[in-house]
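What follows is one structure encoded as structure tokens, with my remarks underneath.
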């Protein structure tokens, strides 16, 4: 056992034994041990085999910075044994060895290393053609590191053993990265100035390099005490700052939480990494960095070896020697590389340690895969010529070689942020400059050494000792030696960036942490450039590997549900996700019914009787104001100024390039009020574009996306009127309510907007109602139609119904080039208008003619395969593609296949032309070009049966509902309370007159956007923009009175049904929300009655801080269809705060 | 992640914004030549240097203009459209 008997080791608990296995053998370590330290304590130095030559490898840094100690755990490959804490019964396996760790037959490759030069694969396996395809399989088998055990992906494992990984936003005045002397000092200074400081360190304790020097423990302890006493310093240990991005944005990885930190200023104090000396066999187990020996002693109480030799390029080497002596190791010699005597020479002399001068390492000797001695030769001038004369002086027997020859600032993080490395020849070290604004770098990470006072550089300028037989490793990960780098330069890859890619230098798991400095020196020497000119390859995030679990962590997948979601769910809906919306694809009436049977049944239901479909996902846009008609006229292609109130017209939207981007129906509700529908997926973009255009036009209109405010349903089929008549007071005969008319009136007790449309090609009424009342109307329709046999239908049946009518779906039957002319929709273009979006371009395009046309086609052959979307139209004589299918399905009512296709060969566009479609499997199917509509071309089926008289039955008392049902338990705990307040009264006031109007009503309105005021009557007025406010009244029965009609430029917004409203209260509310939004909601930085409109769990929402007495509380509002999604997100985020 | 100052909402993560392309004033659609119109519709300048761009704060649908240096990737200033064009564009 190498564990020291005296009680040293600040990370281990000597009372608790932990058993584990490695390479099939049982071992025991102590609590607090890492896998590597426990193996060392058992004398097991050999941990892995190297990547290329399968050489034996062991601990090098014991800090997790090298790639020598990657091991395989059952559920995790490439685990860093230096850092991974030991767990009871942990099963650890070595990686990258064939056979056993002790006897790896692949090690024979080392003998052939001269035939495996750098770039070997590039040079060897490319001839003859196809050779690489053959060899790559064999090569890939021998390369690679750990193995992923896919059986761990099974559900059972995830349920039983998975850990919860989370993500969180943090905001701080000052972020200090690195808790060593300089980091702690800087944190205390910033805290003294009143800044809030976040101090992070990847190690379990603060102290940095002070932890390796017993003489500094008092200084360290006093600083740590000061830090913990400071109220405004938060310390996160075991946390790696893994990425530094624009504007002081950092990624911090703790064990199972990823913090995304925004700092006003940052301070880097990440120290420096000790570098190996480069000499033959410097990779043998037992050849370690001086600091690694100190880690073994100070952290884990392990005696590093029995007999040690130290290669000294600085005074650190002498401290290592003294530490080793104290640990009971016999220090055989210090090989002093420098000329001048060390300041610590006297204390070394006291210990009778021999200091050898005028000598340098020639090679390490080995026995049983461990170092057994160091052979020295007479000092040589810096050179890279392996054949130069040398004179072996002596060999010293030892089982440990410590290398203390210099450091490299931990440059990766600052260089990610754009800092530059400058090599100072006189100090033989890189220093760092050019940090981004608002950041500083101090201490060893800046290339400055010492604590209170600056000390000389510890870097020996040329710790590189070529050997005639090579194997002096520069990059341990990739088994690259001095000659590999020289050969790469000689092959012409003399730039460090090219050399990296050619030789893979610095591309292994350690990312050049031990090789960058030596590589720069070697390449500079070989090319005759300066080290600064040669430089270091670009550092990019992440600094170290990130587990997939951490990246996946808390992820957001917004989902929107309509007001009738729960009903659909209870009635057999099979869900389909359209954009973020959940929509019923169809309803399965019994488990035996096939998908196709469901669709066919629902199709017939509409064609023969009456069906009801939820079309709430359809976009809704309210355009109100004196310029409403002018605005709609400019945006859409058609003529809308002359549209009569109470009527609607098809509305086609093009972009400026004349490409069709959306469509819907424009309804004129009143002289100055248009209600537009838009496609479900397109509405957000359409509204955004409307705002953009009006930012320039500044017409007097209000644009409001009311998609979330209104739910909608379409009752369609020959019996539609009979059903609707039972629940509405509106006249429904053809004269009173003609095709495309719009009516407003009470339907099932709810004030509704009705549009008579024909999207599915039957008599149909769209009913648009406030979404919190929509379920009442749906239920009333189902009850009213019960006797007739009404049934719901889903999206699949609707797609088929509209295809039978030849109605296009924008985005499915069109692409990014489709113009209205290609769709034969020239009728929808009002050329006489002075302007509409796309007009000029379409005028120019019309002159040159259309290259394509959307055609209808039918296939009558019984048993023909059904072409699918994007199957190609083929001209088989010329073997040429002439178009593609955009929609296609078998129509049960027409007993044939019908479809739409974009055709490029216009000579075949005439009705009756024959076209061929290449289907799955490559067979060609004959189709006939057929003019759409395929079904009811005369539109005879869209007329109501006027022989019939309205008979409204019963009275209706609609009830408001929230999507958050009682079955979703309210989350309560001592610490956080989440409540659904969706039924309390809310109202939006918007427009240039809105603020003045509210003030005239005696209300106090905040003087700037994103502030709120609570008025005397208990209502809260939140100002959302220069012209918009949101009023929340705690009393659910409170009714807002619309402004009188003579008051212009004030627009009423239906916030109670467009937005759900939750309240989260409790002192941890800000912390819980920081998992969902990037806004800084800490109580100090987000005072009471502040408003933020932002992204919450990836949906747009409004946050209002409104404390309850003295308890922190927030209103959280988002669009109602996202209510259930956001509720679930918040509930999940607050889980950890429940209970005490 | 970069920060951008929204004239309505203040400093926000760039992920809260939608990019709206270069700001090109529309030439008169009735009078401009085909070449001028094609230039306007299909071509961006891709200036290496200071550019003026449309940006929208997604959560509030608030459009504004941003002046950005594409060489240094610095956002120099953001402004409401009305500040650039005092009069509405018809």
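Here are a few things to note about the model shown:
- Estimated distance in nm for a label pair at residue B:82 and residue A:530, the labels positioned 7 Å out from Cα along Cα-to-Cβ: 5.6 nm
- Relative to the dominant Cα principal axis of chain A, helix A:795-804 is inclined by about 50°.
- Solution diffusion estimate, µm²/s, Stokes-Einstein, the range A:807-951, Kirkwood Rh from C-alpha pairs, 4 °C, viscosity 1.567 mPa s: 76 µm²/s
- Length-normalised contact order for chain A - Cα pairs under 8 Å, 6+ apart - percent: 7 percent
- Distance between the C-alpha centres of the range A:66-121 and the range A:812-841: 64 Å, rounded to the whole angstrom.
- Mean Cα-pair separation over length for chain B, i.e. relative contact order, pairs under 8 Å, 6 or more apart, %: 25 percent
- Length-normalised contact order of the range A:13-128 in % [C-alpha pairs under 8 Å, at least 6 apart]: 27 percent
- Beta bridge orientation in the range A:276-405: antiparallel %, DSSP, nearest 5: 45 percent
- Measuring r between the beta carbons of residue B:46 and residue B:3 and using R0 = 30 Å, the FRET efficiency lands at 0.80.
- By average C-beta atoms within 10 angstrom, highest first, the peptides A:755-764, A:780-789, A:497-506: A:755-764, A:497-506, A:780-789
- Antiparallel DSSP beta bridges within the range A:13-128, as percent of all bridges there, nearest 5: 85 percent
- Intensity falloff of the protein assembly as shown expressed as log10 I(q)/I(0), Debye formula with alpha-carbon point scatterers, at q = 0.07 Å⁻¹: -0.88
- At full extension, residue A:330 and residue A:1025 could sit 242.6 nm farther apart than now, given 0.36 nm per residue minus the alpha carbon distance.
- Mean partner shielding of peptide A:932-944, defined as the number of other chain Cβ atoms within 10 Å of each residue Cβ, is 0.
- Distance between the modelled labels on residue A:14 and residue A:670, one decimal in nanometres: 8.7 nm (7 Å Cα→Cβ projection).
- Sites residue A:697 and residue A:1085, calculated FRET efficiency, Cβ-Cβ separation with R0 41 Å, nearest 0.05: 0.60
- Computed over chain B with a Gaussian network model linking Cα atoms closer than 10 Å, the most mobile of B:38, B:75, B:50 is B:38.
- Average partner coverage of B:7-19, which counts Cβ from other chains inside 10 Å: 4
- A Förster radius of 22 Å combined with the Cβ-Cβ distance from residue A:100 to residue A:137 puts the calculated FRET efficiency at roughly 0.35.
- Of interest is the spacing of the C-alpha centroids, which for the range A:422-441 and the range A:198-218 amounts to 23 Å.
- Model label zone, residue A:147; criterion: amide N under 17 Å from point 7 Å along Cα-to-beta-carbon; scope the range A:56-72: A:71-72
- GNM result for chain B, Cα springs below 10 Å: residue of B:67, B:53, B:16 fluctuating most strongly: B:16
- For the range A:25-63, there are no residues whose amide N sits under 13 Å from a probe point set 7 Å from the Cα of residue A:115 along the beta carbon direction.
- Translational D in µm²/s for the range A:276-405 (Stokes-Einstein at 20 °C, 1.002 mPa s, Kirkwood Rh from C-alpha pairs): 146 µm²/s
- Of all the options B:33, B:58, B:70, the one that moves most in a Gaussian network model of chain B with Cα springs shorter than 10 angstrom is B:33.
- Folded to 0 to 90 degrees: helix A:181-192 orientation relative to chain A principal axis, Cα: 50 degrees
- Residue-span extension gain [residue A:21 to residue A:645] - 0.36 nm each, minus C-alpha spacing: 216.4 nm
- Alpha carbon centroid spacing (whole Å) that separates the range A:557-631 from the range A:305-356: 80 Å
- A straight chain from residue A:734 to residue A:347 at 0.36 nm per residue would run longer than the Cα-Cα distance by 128.4 nm.
- Three principal axis extents describe the C-alpha atoms of the range A:770-880; from largest down they are 56, 50, 20 Å.
- Per-residue mean of C-beta atoms belonging to partner chains within 10 Å, peptide B:56-66: 6
- The DSSP beta bridges internal to the protein assembly as shown are antiparallel in roughly 80% of cases.
- Modelled spin labels at residue A:1034 and residue A:835, positioned 7 Å past Cα toward Cβ, are 5.0 nm from each other.
- Rounded to the nearest 10 degrees, the angle from helix A:1123-1133 to the longest Cα principal axis of chain A is 20 degrees.
- Relative to its Kirkwood radius, the Cα radius of gyration of the range A:577-657 gives an Rg/Rh of 1.15.
- In the range A:852-934, the alpha-carbon atoms span a convex hull of 82 Å³ per residue.
Laboratory data are not the source of any read-out in this text; all were calculated from the coordinates shown. Keep in mind the model is a prediction, meaning the values are calculated, not measured. Reconstructed Cβ throughout: ideal geometry from the backbone, glycine too, with neighbour counts over all protein chains shown.
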